[in-house]
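Please treat every number below as a calculation from the coordinates, not as lab data. Values in this document were obtained by computation on a predicted structure and should not be read as measured data. Counting neighbours? That spans all protein chains shown, and the Cβs are built from the backbone with ideal geometry, glycine included.
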Amino acid sequence: MVKKLYLRGKNRIIQLENVADEKFWDQRWDIKNNNDSVKNILDTTSKLVVDKTSEYLKKNSKILEGGCGMGDKVYNLKIAGFDSHGIDFATKTVKFLNENHPDLNIILGDVRKLPFKDSSFDGYWSLGVIEHFYEGYDDISDEMFRVLKKGGYLFLTVPTFSLLRKIKAYFGFYKRVDYSKIISKNFYQYLISKEELIKHFESKGFESIEYSYRGGIRGLIDELGIKINTTRISEFKNTQTRKKSIMSSLLNLITNFLNKVLKNFSPHTVFIVFRKK
């Protein structure tokens, strides 16, 4: 069961669910279905990854995704003409990818201690990774800085401490707690503000280039506690009949409009681009 707490002192939300270790991710990603996920080049998150990488870096640039999961972003970047690499600590998932997709440069490892030389990469993608470490992301950001070349780009997404969540915290909708090891037993992730992220990474030697909020609808639904079957929505969108194709297009238009309206009020995540000085 998901539970959120307001962490005093650090001005963050703690989400309790399950400990996000390698076994948790192996189960959540369901390795039996990984093959289809890797091949899904129309995935919207992958579109963001390819588009933003292309905006800042030339083809053949060497890119690392830290915490690459099922490898679909590594796959999409490779198809787009980049020298893409991935690393993850989910043993079964990485083994599956190595056996079934040996053409992908994905290895088993820890983002807190990367097995790469200094200044190895032109770009680094981190999609919803750093928030899952209870002890914080100081060592992860140090490694990001180390393996990036001077002038290299860090692309980061994190669940955010949005305006809506700040309002709820102010009015006491979340239980207020102090930093305690007891919480770590069921710790899943932090919800972190844009301001905290920029301050932290700039202190490490990065400069912030741009940011945007994403998932306004999802953030609102999440805070309202509404359950939605996203699998059925995806299946509906992919139906090829003319009638459902028109309905799918209409649904996309409405979704895009509402996300734009809500993006600064109830975003689920924040996306930030940093450059290594």
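When you count the other C-beta atoms within 10 angstrom of each residue and take the mean per peptide, 203-212, 216-225, 265-274 line up highest first as 265-274, 216-225, 203-212.
Note on residue 258 and residue 200: the model spin-label points, each 7 Å out from Cα along the C-beta direction, lie 3.1 nm apart. Take 20-27, 123-130 and order them by the average number of nearby Cβ atoms within 10 Å per residue, most first; the result is 123-130, 20-27.
Ranking request for peptides 58-67, 153-162: highest mean number of other beta-carbon atoms within 10 Å first, then the rest in descending order.
Going by the mean number of other Cβ atoms within 10 Å, highest first, we get 153-162, 58-67.
In the chain, the calculated helix contribution to ellipticity at 222 nm averages -12000 deg cm²/dmol per residue, counting -39,500 (n - 2.57) for every DSSP H run with n ≥ 4. The spread of Cα positions in the stretch 148-202, taken along each principal axis and listed from longest to shortest, comes to 43, 27, 15 Å. Using the Cβ of residue 151 as centre and a radius below 9 Å, the other residues enclosed give a net charge of +4, where K and R count +1 and D and E count -1. Our summary of shape: the Cα atoms of the stretch 77-162 have principal axis extents of 37, 30, 26 Å, ordered from largest down, in whole angstrom. When +1 charges are put on Lys and Arg Cβ atoms and -1 charges on Asp and Glu Cβ atoms, the dipole computed for the chain relative to its Cα centre reaches about 840 debye.
Multiply the residue gap between residue 178 and residue 210 by 0.36 nm, knock off their C-alpha separation, and tell me the result in nm, one decimal place.
Stretched fully, the residue 178-residue 210 segment lengthens by 8.3 nm.
State the percent of C-alpha pairs, over all pairs in the stretch 1-160, separated by a distance greater than 24 angstrom. Let's see the in-between values first.
Values: 4386 of 12720 pairs.
Pairs farther apart than 24 Å: 34 percent.
Cross-linked pairs 47/113; 58/276; 194/260: Cα-Cα separations exceed 23 Å for 47/113.
Could you grab the Rg to Rh ratio for the chain? Cα atoms only, Kirkwood for Rh. List each step's numbers first, then the result.
Details: Rg = 18.9 Å, Rh = 19.8 Å.
That ratio is 0.95, to two decimals.
Taking 149, 95, 117 as the candidate residues, the one with maximal mean-square fluctuation in a Gaussian network model of the chain, Cα springs under 10 Å, is 117. Computed from the Cβ-Cβ distance with R0 of 51 Å, the FRET efficiency linking residue 3 to residue 118 stands at 0.80.
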